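I have placed the structure first, in the form of structure tokens, so that the comments after it can refer back to it.
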Amino acid sequence: MQIIFEKIAQDGFASADIKRNKALLRSEVIYSREGLSKLANIYGRVLVNGLPVNYVDIWADNIAAVTNDQLIAMAQYILQSDKATIGILDKIN
């Protein structure tokens with residue numbers, strides 16, 4: 001895991017991966033607005049977290065604006081191997 005953390009923190013992510021994930025998140029935004037209950041849930045979560053109501057409208061634009069450099073900076077902040085807890089799953093005999 002440490003090798004993976006270091007690679008991501010140093011090199012970032014492939015452009016194709018970033019583009020694909022942004023498209024997936026954009027699709028989630030579109031599909032989440034199809035039903036009233038889903039939309040109400042989203043607005044409720046936004047308000048509970050202290051965000052402005054228009055956050056729902058600008059969220060997709062914020063995701064689209066994320067750069068690889070920002071992803072690297074966040075990975076370096078979050079993926080610190082000296083603070084990581086890693087579990088190994090093994091079959092029970």
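The values are calculated or read from the model by the stated rules, or taken from the named source; none is laboratory data. Source: prediction; values computed, not measured. Please note: Cβ atoms are built from the backbone with ideal geometry, for glycine as well, and neighbour counts cover all protein chains shown. Quick note on the areas: whole protein, heavy atoms, side chains included, nothing else; ligands and nucleic acids left out. Shrake-Rupley method; radii C 1.70, N 1.55, O 1.52, S 1.80 Å.
Some notes on this structure:
- Relative contact order, percent, the chain [alpha-carbon distance under 8 Å, six or more residues apart]: 49
- Expressed as a whole percent, the proportion of Cα-Cα pairs in region 4-44 lying more than 15 Å apart is 58%.
- Theoretical ellipticity at 222 nm over the chain - DSSP helices of four or more residues, -39500 (n - 2.57) apiece, nearest 500: -21000 deg cm²/dmol
- On Cα atoms only, tilt of 2-11 relative to the major axis of the chain in degrees: 60
- Probe 1.4 Å, protein heavy atoms only - accessible area per residue of the chain in square angstrom: 83
- Cα-centre dipole for the chain with unit charges at Cβ (Lys and Arg positive, Asp and Glu negative), debye to 20: 260
- Computed about the Cα centre, the dipole magnitude for region 42-93 is approximately 220 debye when only Lys and Arg (+1) and Asp and Glu (-1) carry charge, each at its Cβ.
- ³J(HN,Hα) computed for each position of region 84-93 - Karplus, 6.51 cos²θ - 1.76 cosθ + 1.60, integer Hz, glycine/proline x: 7, 10, 10, x, 10, 8, 9, 5, 7, 6
- Scaled against the 2.2 N^0.38 Å expected of a compact globular protein of N residues, the Cα radius of gyration of the chain reads 1.42.
- A simple rule links phi to the HN-Hα coupling: the Karplus curve 6.51 cos²θ - 1.76 cosθ + 1.60 with θ = phi - 60°, which for region 66-79 gives 5, 10, 4, 4, 5, 5, 5, 4, 5, 4, 5, 6, 8, 8 Hz, with x for Gly and Pro.
- Degrees separating the helix 36-48 axis from the principal Cα axis of the chain, which is the longest one: 70
- Per atom type, the chain shows carbon and sulfur on 59% of its accessible surface, probed at 1.4 Å.
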